[in-house]
Amino acid sequence: MPEPARARPQPTPETQHFWDGTRAGELRLQRCDACAKVYFPPRPFCPACASRSVSVFAASGRGSLYSYVIHHRKVPGFTPPYAIAVVQLDEGPRMMSNITGCAQTPEALALDMPLEVAFEKLDDEITLPLFRPAKG
Amino acid sequence: MTPNSVAIVGAAETTRLGTIPDMSQIQLHADAALNAMADAGLKPADIDGVATAVETPQQIAHYLGITPSWVDGTSVGGCSFMIHVRHAAAAIASGLCKTVLVTHGESGKSRVGNPPRTVPPSSLAGQFEQPFGPMGPPSLFPIPVLRYMKTYGVTHEQIAMVAVVQREWAAKNPRATFRDPITVEDVLNSRMIAYPFRLLQCCLVTDGGGALILTSAERARDFPRKPVYILGTGESVETPMVSQMEDFTSSRAFRVAGPTAFREAGITHEDVDHLMIYDAFAHLPLYGLEDLGFVPRGEAGRFIAERNTAPGGKLPLNTNGGGLSYMHSGMYGMYALQESVRQMRGIAPAQVAGAKISVCHGVGGMFAASGTIIFGNERP
Ligand SMILES: [Zn+2]
């Protein structure tokens, strides 16, 4: 029997552009054409001013470690201990992710350390945006 | 709502708390409701309003034989019951109904007859949180804590003191699940659950229930129990995703609900004799003390470590032992309300002598929602 996999996101019409983006190697965010607010998670209108005129753009993929826990219990698709992190993106929004390429310890996971996106393919449809310590 | 216009006239928990494998979840609602009706001297025919969460008002009304003319199924997590009290008070004050029953029952430990807890994979949380490995509240609720600690220089030892102090209160309560004293070292040596939190900083998992009955203050004088009056109420919601909180050091829902209740009651913090802050995890009392304005930003850790909320301290907090030591079925708000009512009736196991005003503050989800109720016991 294969190992149970991690929870798989199911895109909706409003979020499809995000998952198309990760599959293409882009971290896509949305910006309001009216008030310039950059926001996440995806929706086809601005949560700051309700404008329906919004644009999708490729973010830099750069950010920093905002907060996290190191989870010590077993979850399908994960080997504990592993960090469940929130990344502060340079463009403004925050998103939950995992930190790869780095020990999952309080010592290695320093708050505010610079991170960059590291795409991880789950299957042909879904690629997850994970993050790793930024190089240089 | 005008302060003092509505009162609690019936209040009870399930006869047993803890492990109750011989009752399904809806029967836990009923056990508490029957106890509350007995407490108020009422029968199902006397109730014309029903409010409940997770289970629906129709399930509860039908099961108990009630024909309501007002219902509220607000289900926003553990503070749903604070919000039910708020809505019920407004409904009674405006004449929509006369006597409201609020019920909670939860087979949190035995998991008999309760709906499965799932996050739909197409929801925003299902797409943008669940794939990264959270599993329930212990993995999600502490996510903002490291940011809070770094921002204000709060120490692991200070947060451990929350659990230590609440165990001191629990020691005075015969119905508390855990009553043996613990030290900061015990807390910091207990099993790691989700760093920075260890087992003793996480709530219990138990079975139980509770129910409240509200009516107008005018009618409340004719009931067998000393009425407990509603002085002020507040509610709000923020986000279903903890990762999307506006501020990781403070809850927006707390900052709306708490001050709204204080304004409505027309009281200041100095007037508060007794305080309940829903403690699903050890950081909740810190956020609550600061967001409700009892202490300045970043001061709550020191405030608790210096024993201000402990037995003998100036601000008795979570006097039943809280979700960390008393009981926590999953939606603990009802038990916080029950303790505030006991304190206002003067019958709490760890009674605060002469207490006249109690503030009861709840959280729902992972900082997703909030409700605040301010109680008083002086006849208007
Ligand atoms: Zn806008």
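The values are calculated or read from the model by the stated rules, or taken from the named source; none is laboratory data. Owing to the predicted nature of the structure, the values given are computational and were not obtained by experimental measurement. Glycine also receives a Cβ, built like all others from the backbone with ideal geometry; neighbour counts cover every protein chain displayed. Ligands, DNA and RNA are stripped out before the accessible areas are found, and what is left, the full protein with its side chains, is counted by its heavy atoms. Shrake-Rupley method; radii C 1.70, N 1.55, O 1.52, S 1.80 Å.
Checked against the criterion of being facing chain A (nearest Cβ under 9 Å) and touching a residue at least 12 places away in the same chain (Cβ under 8 Å), the range B:104-117 has no qualifying residue. Each residue in the range A:66-83 was checked for being without any contact (Cβ under 8 Å) to a residue 60 or more places away in the chain, surrounded by 14 or more Cβ atoms within 10 Å (Cβ to Cβ) and under 20 Å from A:G101 (Cα atoms), and 11 pass.
The set of residues from the range B:118-167 being touching a residue at least 60 places away in the same chain (Cβ under 8 Å) and β-branched (V, I, T) comprises B:I143, B:V145, B:T151, B:V154, B:T155, B:I159, B:V162, B:V165. For A:S64, state whether it is away from the ligand (no atom under 15 Å from the Cβ) and either at the interface with chain B (Cβ under 8 Å from one of its Cβ atoms) or hydroxyl-bearing (S, T, Y) (or both). Here the answer is yes, as A:S64 does meet what is asked.
Quick check on A:I126: is it facing chain B (nearest Cβ under 9 Å), open to solvent by less than 50 Å² (accessible area, probe 1.4 Å), within 20 Å of B:M241 (Cβ to Cβ) and among the β-branched types (V, I, T)? For A:I126, the condition - facing chain B (nearest Cβ under 9 Å), open to solvent by less than 50 Å² (accessible area, probe 1.4 Å), within 20 Å of B:M241 (Cβ to Cβ) and among the β-branched types (V, I, T) - is met. Out of the residues in the range B:121-139 meeting the condition of being more than 8 Å from every other protein chain (Cβ to nearest Cβ) and either closer than 20 Å to B:S329 by Cβ or assigned to a loop (DSSP other than H, G, I, E, B) (or both), tell me which one is farthest from the chain's Cα centre (by Cα). So the residue we want is B:S123. Residues that are in a helix (DSSP H, G or I) and hydroxyl-bearing (S, T, Y): does the range B:165-178 have at least one? The answer is no; no qualifying residue exists.
Among the residues of the range A:47-59 satisfying the criterion of being closer than 23 Å to A:A118 by Cβ and out of contact with any His (no Cβ under 8 Å at 6 or more places or on another chain), which is nearest to the ligand (Cβ to nearest atom)? If we take residues in the range A:47-59 being closer than 23 Å to A:A118 by Cβ and out of contact with any His (no Cβ under 8 Å at 6 or more places or on another chain), then A:F57 is nearest to the ligand (Cβ to nearest atom).
Of the residues making up the range A:85-111, those that are over 16 Å from the mean Cα position of the chain (by Cα) and touching a residue at least 12 places away in the same chain (Cβ under 8 Å) are A:C102, A:Q104, A:T105, A:P106, A:L109, A:A110, A:L111.
Taking the criterion of being of a type outside the set (F, W, Y), within 17 Å of A:P9 (Cβ to Cβ) and either more than 16 Å from the chain's Cα centre (by Cα) or more than 7 Å from chain B (Cβ to nearest Cβ) (or both), the residues of the range A:68-84 that qualify are A:V75, A:P76, A:G77. Answer yes or no: is there a residue in the range B:281-296 that is closer than 26 Å to B:A91 by Cβ and free of Cβ contacts under 8 Å to residues at least 60 places away in the same chain. The answer is no; no qualifying residue exists.
Within the range B:262-277, the residues that satisfy the criterion of being open to solvent by 30 Å² or more (accessible area, probe 1.4 Å) and either in contact (Cβ under 8 Å) with a residue 12 or more places away in the chain or among the polar types (S, T, N, Q) (or both) are B:R263, B:E264, B:G266, B:T268, B:H269, B:D271, B:D273. Going by the structure shown, is B:S75 under 19 Å from B:A368 (Cα atoms), more than 14 Å from every other protein chain (Cβ to nearest Cβ) and free of Cβ contacts under 8 Å to residues at least 24 places away in the same chain? So B:S75 fits the description; yes. For the range A:16-33, taking the residues that are polar (S, T, N, Q) and more than 14 Å from the ligand (Cβ to nearest atom), the one that is farthest from A:M96 (Cα to Cα) is identified as A:Q16.
Annotation: A:L115 fulfils all but one of (1) part of a strand (DSSP E or B); (2) open to solvent by less than 10 Å² (accessible area, probe 1.4 Å); (3) within 12 Å of chain B (Cβ to nearest Cβ); the unmet one is (3).
Here is a check on your reading of the model: is B:S236 more than 14 Å from chain A (Cβ to nearest Cβ), within 22 Å of A:G92 (Cβ to Cβ) and not aliphatic (A, V, I, L, M)? Taking the combined requirement at face value, the residue does not satisfy it.
One line per residue, one yes/no per condition, for (1) within 15 Å of B:L315 (Cα to Cα); (2) in contact with a strand residue (DSSP E or B) (Cβ under 7 Å, 6 or more places away or on another chain); (3) open to solvent by less than 20 Å² (accessible area, probe 1.4 Å); (4) part of a loop (DSSP other than H, G, I, E, B):
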residue	(1), (2), (3), (4)
B:T249	no, no, yes, yes
B:F254	no, yes, yes, no
B:T260	no, yes, no, no
B:D279	no, no, yes, yes
B:L286	yes, no, yes, no
B:G293	yes, no, no, yes
B:R297	no, no, no, yes
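Only one of the listed residues (A:G92, A:G101, A:G77) is touching a strand residue (DSSP E or B) at 6+ places or on another chain (Cβ under 6 Å), more than 19 Å from B:S243 (Cα to Cα) and of a type in the set (G, A, S). That residue is A:G101.
Taken over the range A:34-46, the criterion of being more than 8 Å from the ligand (Cβ to nearest atom) and open to solvent by 20 Å² or more (accessible area, probe 1.4 Å) is satisfied by A:V38, A:R43, A:P44, A:F45.
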